[in-house]
Amino acid sequence: MSFWTILSWIGVAVLSGINVFIFLKLKTAAEQMLSVAFPGAKNMSEAMSRMQAQMAGMGKPGHDAQLRQAMALLQNKGRKR
């Protein structure tokens, strides 16, 4: 093989190693954030299921009523000034 072919494969190997290292660091950071957000979760899949359940609960009518009430409160405060 030529010198440039060998050099390019060495470059690919180095960049792949850097990519794997960064991926693992980001994965541990994501797991730490989920453990802080959902302290009782045993693993990442349980934390993700809790987050999905929480996101699904945001679309319920009671949440919409709370948002409307909060917006009305903010509008009334703006009129008083």
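Quick notes on this structure:
- Helices in the chain that qualify as membrane-span-like (whole DSSP H runs, Cα extent of at least 15 Å along the helix axis, mean Kyte-Doolittle hydropathy of 0.5 or higher) are 3-37.
- Projected-area average for the chain over all orientations - Cα convex hull basis, square nanometres: 11.2 nm²
- Cα-based Lys pair tally, the chain, threshold under 30 Å, eight or more apart or on separate chains: 4
- Projecting the Cα atoms of ILE18, GLY78, SER8 onto the charge dipole of the chain, computed from C-beta unit charges around the Cα centre, puts GLY78 farthest toward the positive end.
- Basic side chains Lys and Arg get +1 at the Cβ, acidic Asp and Glu get -1 at the Cβ, and with that the dipole of the chain about its Cα centre reaches some 720 debye.
FYI, it's all coordinate maths here, none of it is from the lab. In this text the structure is predicted, and so the values were computed from the model without any measurement. Methodologically, a virtual Cβ is constructed for each residue, glycine included, from the backbone with ideal geometry; neighbour enumeration extends over all protein chains shown.
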